[in-house]
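Here the structure comes first, spelled out in structure tokens, and everything after it is commentary.
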Amino acid sequence: MTNEANSLTTALQGLIKQAIARDGGWLPFDRFMALALYTPGLGYYANASRKFGQLPSSGSDFVTAPEMSPLFGQTLAMQVADAMQATNTHEIWEFGAGSGALAVQLLDALGGKVSKYTIVELSASLRDRQRAKLAEHSAMGARVQWVSELPERIEGIVVGNEVLDAMPVKLIARVDGKWRERGVGLVNDSLTWIDRPTDLRPPIDIEGTHDYLTEIHPQAEAFIRTLGDRLTRGAAFFIDYGFGEREYYHPQRHMGTLMCHRGHMADGDPLADVGLKDITAHVDFTQLAVAAGEAGLQTLGYATQGRFLINCGIVPLLAQAPLAERIAAQRLVAEHEMGELFKVIAFHRGDFWDAPGFREGDRTHTL
């Protein structure tokens, strides 16, 4: 570990230890995760590390679909254009725009159809990178703007790629038949797991009596409810990895889905090297749909990423692409890569329409 990295994680651990002390020696995991990822200047998404890239040699930790291939954004743009026409809106709102690659791809493909492109981004360091990435579009007159919080009213098409998986989750564990909430405390001044009794439960019963660790997602659900309250006209498309609740809480998935990413390697220890690696959990798409419905949104469709992109016309784009580009983009749709694990879920306000991304292979009935 470099001196700079060691200094960063030491400073962040110090703040977390102070928070633990203030809370009587125990932090619920969702609060720990929020501090580890979003503490200004120190948290993983708030510090200056590279994060997004194709290879570890770039200093990056993981690759997302827009960095993998521009065909991702070009194909998604077809569905976004359809949604703008169906809802009679002309703005795009992107949540957590990462490197800015998806924004560039959507603006390149949609051009003058977009009157304004607003990025909702909490991280100051990522906002700076996004501004640099989008400088050419801004110079050409595109109305790109940044905000750090959700406005009271939204009209337009919302997009979020790998945003929901980074929202803090609560950990709950059934041990010896009793449910406990897993949090973080200190033993000999080191971060450690500590469980406490809880009334929290998964949204469905877990068969069997074996020990079982899983996540619940109150923050992501609250985000969808808030979005539903404020989206007065338009639609929202979220792309992320996860399952419907029957698969998410399957009795055999007894270790949960929490995972860390650093240097294109995965590990399951979020208490180590805090601030230097991503922490994520898979998305429970069923509960997102329930939260959307509670806020007055309807589910427009739910499909695997591979099926969605094929429906939106990626196959002819692949046929025209150079070989290297074609190989990279194949990962977006291949079942053993991103095509099956990643899903696309969409919600809308107003009349239902036959969105092309869900015309074949819609799995809404499985939620």
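The values are calculated or read from the model by the stated rules, or taken from the named source; none is laboratory data. None of these values were measured; they are calculated from a predicted model. Heads up, the Cβs are rebuilt from the backbone with ideal geometry, glycines too, and the neighbour counts pull from every protein chain shown. Note: accessible area is taken over every heavy atom of the protein model, side chains too, but ligands, DNA and RNA are not part of it. Shrake-Rupley method; radii C 1.70, N 1.55, O 1.52, S 1.80 Å.
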Dipole magnitude of the chain, debye to nearest 20 (Cβ charges: Lys/Arg +1, Asp/Glu -1, about Cα centre): 560 debye
Equivalent ellipsoid semi-axes - Cα gyration tensor, segment 258-319, angstrom: 31, 23, 8
Whole-Å semi-axes of segment 105-235's equivalent ellipsoid (Cα gyration tensor): 41, 19, 12
Gain on full stretching of the segment that runs from GLU335 to ASP267 - 0.36 nm per residue minus C-alpha separation: 22.2 nm
For PHE342, distant residues with modelled amide H under 5 Å away: GLN305
Phi to ³J(HN,Hα) by Karplus 6.51 cos²θ - 1.76 cosθ + 1.60 over segment 84-90, Hz, x for Gly, Pro: 4, 5, 5, 9, 6, 10, 9
Cα-Cα pairs of segment 16-144 separated by more than 20 Å (percent): 54 percent
Options THR226, THR89, LEU258, ranked by Cα towards positive dipole end of the chain, top entry (Cβ charges): THR89
Those lysines that a straight Cα-Cα span of less than 25 Å connects to LYS178, excepting residues fewer than 8 apart in one chain: LYS170
³J(HN,Hα), Karplus 6.51/-1.76/1.60, whole Hz, each residue of segment 355-367, x for Gly, Pro: 5, x, x, 10, 5, 10, x, 5, 10, 4, 5, 8, 5
Cα-based shape type of the chain, given that a ≥ b ≥ c are square roots of the gyration tensor eigenvalues and the cut on a/c is 1.5: prolate
Fraction of accessible area attributable to carbon and sulfur, the chain (%, probe 1.4 Å): 51 percent
For segment 188-237, radius of gyration divided by Kirkwood radius, i.e. Rg to Rh on alpha-carbons: 1.16
Set of segment 262-298 residues, backbone N closer than 18 Å to the point 7 Å along the Cα-Cβ line of ASN6: 272-277
Unit Cα scatterers, Debye sum, segment 229-298: log10 I(q)/I(0) for q = 0.22 Å⁻¹: -0.98
Kirkwood Rh in Å, taken over segment 135-201 so that all alpha-carbon pairs contribute: 16.9 Å
Expected 222 nm ellipticity per residue - DSSP helices of 4 or more, -39500 (n - 2.57), all of the chain, to 500: -10500 deg cm²/dmol
Accessible area (Å², per residue) of the chain, counting only protein heavy atoms and a probe of 1.4 Å: 43 Å²
Per residue Cα convex hull volume in Å³ - calculated over segment 209-367: 151 Å³
Rounded to whole Hz, the Karplus (6.51, -1.76, 1.60) HN-Hα couplings of segment 256-269, x for glycine and proline: x, 10, 4, 8, 10, 9, 8, x, 6, 10, 10, 8, x, 10
Gyration tensor verdict on segment 78-161 (Cα atoms; rounded if a/c is under 1.5, prolate if a/b is larger than b/c, oblate otherwise): oblate
